[in-house]
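The values are calculated or read from the model by the stated rules, or taken from the named source; none is laboratory data. Just so it is clear, the model here is predicted, and its values are computed rather than measured. Because the Cβ atoms are built from the backbone with ideal geometry, glycine has one as well, and the counts that use them run over all protein chains shown.
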Amino acid sequence: MATQARFYDGTTAAVHAVSVRATAAELVLFRSADATIQARWPIADIVLLGDLGHEAVPPIACRGSDARLIVEDPALRRELAGLVPQLAPLAESPAPAGRRVLGFGATLVALVGLFWLAVDYGSEYAAPLLPYSLQAALGESVFDELVADKDECHGAAGLKALNRLANDLAEAADYHHPITVHVVEGGPVNAFALPGGILVFYSELIDRARDRNQVAGVLAHELGHVVHYHSVKGLGRQYGVDLLVRLVSGGYSDLVSTLATGGNLLLAMRNGRAFERDADKTGIELLEALGLRADGVSSFFEQLMEKEPADRAAAAGIWSSHPPTQERIEATRRPATGKPAFTDAEWRAIRNVCK
């Protein structure tokens, strides 16, 4: 038997056209042009690298050598398979390329799905285990960056009242770390929670609040984010998506940036809605646990609806990071019963916290 094949000697990049002759003891490879023997491979040392199920032309090698033999002729592959037992897989028909691509794609999707679940749900249990000192350091770092070009309010009595209520609510939630409330001068009408029990209020929210119950309701809502470790979970999931995209893309920078941004956006929107619902529910429960008025949460949302009747969250649907405002009003509506969260003196101090 003498048939053409391609031979790589393992020491140079040259490709040699060779003929293959098989005997009972060895496989002889000799140059087609001048019949010079290129290699003599003992049958016992011949191995197949791969199979037709995964490669169109699996290479043949000899143990202890870097040389490779590529046989593209199906007839020769079948003949070699009959003469050399370890080359028997060469007699099989190659798997269709479409099937291989489909199988690889299905496997990749399954692995990505499993990793996504691990990122999404794993952070749910890992976040509370992160040492508080690290959470606090992270929160302080983010806070310093966010307010670097803004003025912070220092009205001692107002800050004392806000911090007193925040820590009372944390104690009711069995959250055993200190809460620190900061007030930043200006807008927007917003408040947010950072890792380590740091709450940030913009003074415009306090100025536009109709009464003390609304400020207490917003504070309780933000405390709900703290006790559920939402900010830490969000950061953990963002890091997980970045890592996942780098693994899938091989670290290609432009692709990493594009896919990671999209993945984080989708995850942030879905988790954002879930986090907001949890914070609404927990804030109401904590106020009621302390016997305080809890109607300020829904009245705050009603005030937002009055200013913007078009519910942007409802219009955006799944693309919104917050639940529809009308849904939140219905879920948080409570009777005007219970003690006020702040005394008259505390409320005056809060209103003047930036003066």
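For this structure, a couple of remarks:
A quick yes/no check of all residues on (1) surrounded by 15 or more Cβ atoms within 10 Å (Cβ to Cβ); (2) at pLDDT below 95; (3) closer than 17 Å to G234 by Cβ; (4) among the aromatic types (F, W, Y):
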| site | (1), (2), (3), (4) |
| --- | --- |
| P128 | no, yes, yes, no |
| L138 | yes, yes, yes, no |
| D151 | no, yes, no, no |
| G158 | yes, no, no, no |
| A161 | yes, no, no, no |
| A170 | yes, no, no, no |
| D174 | no, no, no, no |
| G186 | no, yes, no, no |
| S203 | yes, no, no, no |
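- For beta carbons closer than 7 Å, sequence separation of 6+ or different chains, a first residue in the range 179-205 that is within 11 Å of C354 (Cα to Cα) and a second that is among the basic types (K, R), the qualifying pairs are V184/K150; E185/K150; G186/K150.
- Within the range 196-212, if we keep just the residues that are assigned to a loop (DSSP other than H, G, I, E, B) and not acidic (D, E), the residue that is farthest from F143 (Cα to Cα) turns out to be R210.
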